[in-house]
Amino acid sequence: MERDERDQIRPLAQAVRRGSGNHVTLGGTLRATVFILPMALLALLLLAMGVSLPAGLVTGALLALVWGVIVSGIRVAAQWERGVVLRLGNFKEVKGPGFLYIVPIIESVRFIDTRLLVLNIPRQKVITKDNVPAEIDGALFFMVSDSKRAVITIQDFKFAVAQYAQAALRDIVGGLTLDELLSEREQIQAHIKEHVEERVRDWGLSVESIQLQDIELPEDLKRTMSRQASAEREKRATITKAEGDKLAASNLAEAARIMSSSPITLQLRNLQTIDGLGASPSNTVILFPAHMGEMLQALMSGREAKA
């Protein structure tokens with residue numbers, strides 16, 4: 001295993017082990033109360049009976065030892081906890097939440113958190129199908145659905161599911177191209193979730209979701225993608241402008257056809273244009289009668305015919 005991979009696994013293992021011992025100790029105060037009150041009553045009773053000091057100390061010590069062992073089996077599980085009880089190393093039952101009693105010496109209990117748990121997937125170095133290096137990190141959301149199997153089947157289910165999620169992420173992303181990785185994030189997350197859940201279901205775990213948080217690409221590739229995106233936007237702008245010019249030319253041709261069939265329409269359009277020009281004080285408008293132009297055109301046509 002390479003050194004950088006060991007550096008990634010070591011803090012993850014430490015975080016998982018710290019999270020494994022997050023049992024909320026609720027029975028300590030109860031055990032202390034149950035132990036101290038009877039012992040205090042016993043001491044008062046021995047004093048009232050007039051028992052001598054050496055005999056009272058020996059008797060009290062023996063009773064305190066026996067009572068302490070009995071009281072040590074008192075446990076309290078929080079609402080979100082389940083206690084997996086082992087008797088002489090064999091599975092007995094799952095208890096909780098609330099008060100539960102464990103027979104001292106011959107029984108032991110391990111508390112399991114059944115809430116939704118979150119584990120960070122550290123940054124993974126991946127080579128895509130089209131040979132592009134990328135670094136991806138994410139978050140794994142899961143919960144314990146079967147406390148018995150989570151304790152008996154797997155040694156450390158948190159560390160195991162985190163390692164399996166990392167391997168699944170590298171395997172699935174390694175079979176995708178860069179374009180698929182960037183454009184199909186939801187499908188990739190669902191595929192990784194299905195891949196992980198299929199395996200960890202036998203461990204008594206249920207995967208809620210896997211979220212890819214960040215995808216880091218090489219800087220030169222980012223610059224190339226930026227230039228490609230800029231060229232694509234320029235291409236779309238050019239196509240849009242050409243389509244607009246084409247539509248404008250078509251509308252102008254249709255307008256010219258309508259005006260040519262109705263001479264008065266052309267004259268009204270000329271008057272509107274003149275009115276628009278006259279609104280600005282910096283413009284000087286010289287009117288030329290339209291009929292005079294038509295007369296001059298007819299006169300020139302007549303001369304050409306005589307010639």
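The values are calculated or read from the model by the stated rules, or taken from the named source; none is laboratory data. A quick note: this is a predicted structure, and the numbers were derived from the prediction, not measured. Neighbour counts run over all protein chains shown; Cβ positions are idealised from the backbone, glycine included.
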Fill in: Selection status of VAL207, in contact with a Phe, Trp or Tyr (Cβ under 8 Å, 6 or more places away or on another chain), outside any strand (DSSP E or B) and either of a type in the set (A, V, I, L, M) or closer than 17 Å to ILE121 by Cβ (or both)
no
Worksheet item: Of all residues in the stretch 60-79, which are loosely packed, with under 15 Cβ neighbours inside 10 Å, more than 16 Å from VAL34 (Cα to Cα) and hydrophobic (A, V, I, L, M, F, W, C)?
Response: ALA61, LEU62
Item to complete: Of the conditions (1) farther than 23 Å from THR153 by Cα; (2) of a type in the set (A, V, I, L, M, F, W, C); (3) modelled with pLDDT of 90 or more, LEU178 clears all except one; give me its number.
Response: (3)
Item to complete: Return yes when GLN163 is without any contact (Cβ under 8 Å) to a residue 40 or more places away in the chain and either part of a helix (DSSP H, G or I) or in the same structural domain as VAL144 (by TED's automatic domain parsing) (or both) and no when it is not.
Response: no
Fill in: Filtered residue count, the stretch 124-155, keeping only those that are surrounded by 15 or more Cβ atoms within 10 Å (Cβ to Cβ), touching a Lys or Arg at 6+ places or on another chain (Cβ under 9 Å), of a type outside the set (Gly, Ala, Ser) and under 22 Å from GLU219 (Cβ atoms)
4
Item to complete: Mind counting the residues in the stretch 86-122 that are under 33 Å from the mean Cα position of the chain (by Cα), part of a loop (DSSP other than H, G, I, E, B) and of a type outside the set (D, E, K, R)?
Response: 4
Practice prompt. Return yes or no: is VAL16 modelled with pLDDT of 50 or more, farther than 21 Å from GLY68 by Cα and surrounded by 11 or more Cβ atoms within 10 Å (Cβ to Cβ)?
Written response: no
Item to complete: Find the residue count for the stretch 211-260, including only residues that are surrounded by 10 or more Cβ atoms within 10 Å (Cβ to Cβ), closer than 29 Å to GLN166 by Cα and not β-branched (Val, Ile, Thr).
Response: 10
Item to complete: Would you mind telling me which numbered condition in (1) surrounded by fewer than 14 Cβ atoms within 10 Å (Cβ to Cβ); (2) in contact with a helix residue (DSSP H, G or I) (Cβ under 6 Å, 6 or more places away or on another chain); (3) of a type in the set (Gly, Ala, Ser) SER183 fails?
Response: (2)
Worksheet, complete the sentence: Going through the stretch 33-57 in order, the residues found to be more than 25 Å from GLY73 (Cβ to Cβ) and exposed (fewer than 12 other Cβ atoms within 10 Å of the Cβ) are LEU44, LEU47, ALA48, MET49, GLY50, SER52, LEU53, PRO54, ALA55
Fill in: Of all residues in the stretch 43-77 being out of contact with any Leu (no Cβ under 7 Å at 6 or more places or on another chain) and not in a helix (DSSP H, G or I), the one that is nearest to ASP113 (Cα to Cα)
GLY73
